[in-house]
Every structure is written in structure tokens, then in C-alpha cells.
1. Just to be sure before I move on: is residue 63 modelled with pLDDT of 95 or more, over 23 Å from residue 128 (Cβ atoms) and assigned to a loop (DSSP other than H, G, I, E, B) in the structure I sent?
2. Among the residues of the range 29-50, is any within 16 Å of residue 164 (Cα to Cα), outside any helix (DSSP H, G or I) and within 19 Å of the chain's Cα centre (by Cα)?
3. Residue 11 versus (1) over 28 Å from residue 105 (Cα atoms); (2) without any contact (Cβ under 8 Å) to a residue 60 or more places away in the chain; (3) surrounded by 14 or more Cβ atoms within 10 Å (Cβ to Cβ): which is the lone unmet condition?
4. So is residue 72 in a helix (DSSP H, G or I), touching a helix residue (DSSP H, G or I) at 6+ places or on another chain (Cβ under 9 Å) and in contact (Cβ under 8 Å) with a residue 12 or more places away in the chain or not?
5. Given 3, 82, which one is touching a residue at least 24 places away in the same chain (Cβ under 8 Å) and within 17 Å of the chain's Cα centre (by Cα)?
6. Of the conditions (1) at pLDDT 95 or above; (2) within 16 Å of the chain's Cα centre (by Cα), residue 69 clears all except one; give me its number.
7. Could you please find all residues in the range 281-299 being outside any loop (DSSP other than H, G, I, E, B) and touching a residue at least 40 places away in the same chain (Cβ under 8 Å)?
8. For the structure I just gave you, tell me whether residue 6 is under 23 Å from residue 187 (Cα atoms) and surrounded by 21 or more Cβ atoms within 10 Å (Cβ to Cβ).
């Protein structure tokens with residue numbers, strides 16, 4: 001059984017198309033667990049419409065508290081899953097018909113008693129599902145196949161809507177601290193710390209780019225890297241706090257070799273700019289490209 005966790009908030013414009021793509025999968029042993037975060041555009045009505053039609057394969061989780069955060073919405077959904085495998089689903093994308101089966105086939109090659117995350121590439125489309133870029137990872141300059149813990153502490157290359165995690169990973173990652181920057185980054189860090197991440201180098205879905213995306217795909221240039229300096233500074237600071245939270249949340253449980261790497265990054269705020277520049281280049285705590293690493297050095 002695969003649980004598909006669907007977090008929604010004012011997603012009525014595209015939600016039906018996404019749900020149709022889910023119920024058109026070539027793998028049918030799945031259950032959708034949906035949670036709406038207080039929408040006022042009819043999203044909740046659409047969920048109820050599909051739940052009535054597919055009552056044996058769809059469940060709606062209701063909560064008194066509105067999160068108004070994709071991270072917190074998914075964290076809440078993870079607590080309601082007891083399936084062997086779990087996938088995350090955004091409200092506005094469109095899944096290829098073999099998305100579940102392709103990811104599950106790879107997942108089953110790996111042991112179930114250690115945390116495992118399998119993720120894929122994704123194609124970027126406009127709001128009418130016309131492809132803009134055939135590879136988001138190519139567009140963003142990510143080498144997802146060769147990601148290290150050092151680099152994952154600095155930036156996230158795992159897109160939540162492409163990932164599948166096993167129960168072992170879901171159980172340890174679902175208690176997300178406030179310092180977790182975003183749900184998929186936290187889940188990926190837990191996987192890399194305690195288990196493994198596996199990448200499938202093919203898109204399995206269309207990532208719909210539109211004005212309402214929580215996180216959008218944008219190609220970075222030298223000009224944009226410098227113009228967004230303050231944003232980069234805040235992002236790096238968030239990453240340091242997230243590393244500290246990882247240590248705190250799993251005190252005494254992190255393998256010694258991984259703990260050394262995480263601590264090495266968590267202490268960056270205590271270093272001066274020169275010391276940080278030396279440490280990040282020497283130990284591999286770098287961004288995904290030379291241009292981005294230069295920005296990292298300047299604005300850290």
C-alpha cells in the first residue's frame with residue numbers, strides 16, 4: 001500500500017486535474033490522504049466530491065488548527081499515515097501515469113529496515129501544462145545523483161512532490177521542528193543522515209509553474225545571484241539553524257561520521273567570513289555551481 005499525502009490550500013483552479021492524474025495511475029494500490037488548510041475558494045468541496053466518488057481510496061483529514069504552511073500541513077499528514085510507502089503530492093501539478101510504479105519499483109530494491117528516499121526529476125510546465133523545461137534539475141543546475149550530506153546541508157535538491165519514502169523514514173522525519181526550513185529538505189536530511197537517497201534520472205510529473213506557487217522554479221544567473229544577496233544570507237542562516245535542530249532532535253542517535261559533518265556546518269555562524277570561506281571550500285559545504293558558491297562566500 002502507498003499513501004499519497006495531498007496538502008491543499010486555495011488550490012481549486014488546478015486541483016481537479018491533479019486528482020484525475022492520480023486516479024489514472026497504472027498502479028492502483030494507493031490511498032490518498034488529503035488535508036485542506038482553510039481554503040476559501042472551493043478546494044474543500046472538490047476534495048469532498050472526489051472522496052465521495054472514491055471513498056475506498058481517499059480520506060480527508062480534518063483539523064481544528066489551520067497551519068497556513070506547506071511544511072506543517074505535510075508534517076500533520078505524515079502523522080496520519082501508516083503505509084509501507086508514502087508519497088507527497090502538491091495540489092497543482094500533474095503526475096505521469098507511471099509515476100507511482102516507476103518510483104515503487106526502485107524503492108523495492110532497497111531494504112525496508114533503514115530509512116530510504118527515492119526521488120525523480122520533473123518537467124516544468126506553464127499553467128496550461130505546456131512544457132517549459134524538460135528537466136527541473138537541469139534547469140536549476142542540480143547534480144541530484146551525486147548529492148552529499150555536506151551539500152544537502154547547504155541546499156535542497158529533493159523536490160517533495162517527486163519523492164517516495166518508506167515507513168522507516170516517515171517515522172523519524174514526521175516530527176519536524178520549527179527550524180526545519182521546508183518539509184522535503186528536512187525529510188531528505190533525515191534520509192541522508194540515517195539511511196540513503198536514491199535518484200531516478202527521469203521526470204515523472206509536470207511541475208506547473210504559475211503565480212501562486214509556494215516555491216517556484218527559476219533559472220539562476222550571475223546577476224540574480226548578487227541581486228538576491230540578502231535573501232541568500234537569510235537562507236544560509238536558516239540552514240545553519242536547521243543543522244542545529246537536526247542534531248538536537250536526534251541527540252545520541254546520529255552516526256558519528258554523519259554527526260561530525262552536521263556539526264561542522266552548524267558551527268558556521270561562529271566563524272568569521274574568512275574561516276567560513278576556507279571551511280566550505282575545504283570540506284565541501286558548497287552550493288551547486290561555482291557562481292552560487294561565490295555568492296555563498298560573499299553573503300554568508
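1. no
2. Filtering the range 29-50 down to residues within 16 Å of residue 164 (Cα to Cα) leaves 29-33.
From what's left, outside any helix (DSSP H, G or I): 29-33.
When the remaining residues are screened for being within 19 Å of the chain's Cα centre (by Cα), the result is 32-33.
Scanning the range 29-50, I find at least one residue that is within 16 Å of residue 164 (Cα to Cα), outside any helix (DSSP H, G or I) and within 19 Å of the chain's Cα centre (by Cα), so the answer is yes.
3. (2)
4. On the way: in a helix (DSSP H, G or I): yes; touching a helix residue (DSSP H, G or I) at 6+ places or on another chain (Cβ under 9 Å): yes; in contact (Cβ under 8 Å) with a residue 12 or more places away in the chain: yes.
Considered against the rule, which asks whether it is in a helix (DSSP H, G or I), touching a helix residue (DSSP H, G or I) at 6+ places or on another chain (Cβ under 9 Å) and in contact (Cβ under 8 Å) with a residue 12 or more places away in the chain, residue 72 comes out as yes.
5. On the way: 82 fails: within 17 Å of the chain's Cα centre (by Cα).
Sole residue among the options that is touching a residue at least 24 places away in the same chain (Cβ under 8 Å) and within 17 Å of the chain's Cα centre (by Cα): 3.
6. Unmet for residue 69, out of (1) at pLDDT 95 or above; (2) within 16 Å of the chain's Cα centre (by Cα): (1).
7. Initially, the range 281-299 is screened for residues outside any loop (DSSP other than H, G, I, E, B), giving 281-283, 290-299.
Answer for the range 281-299, where residues must be outside any loop (DSSP other than H, G, I, E, B) and touching a residue at least 40 places away in the same chain (Cβ under 8 Å): 283, 291, 292, 294, 295, 296, 298, 299.
8. Working: under 23 Å from residue 187 (Cα atoms): yes; surrounded by 21 or more Cβ atoms within 10 Å (Cβ to Cβ): yes.
For residue 6, the condition - under 23 Å from residue 187 (Cα atoms) and surrounded by 21 or more Cβ atoms within 10 Å (Cβ to Cβ) - is met.
The values are calculated or read from the model by the stated rules, or taken from the named source; none is laboratory data. The model shown is predicted, which means the values in this text are computed figures rather than measured ones. In this analysis, Cβ positions are derived from the backbone assuming ideal geometry, glycine residues included, and neighbour counts consider all displayed protein chains.
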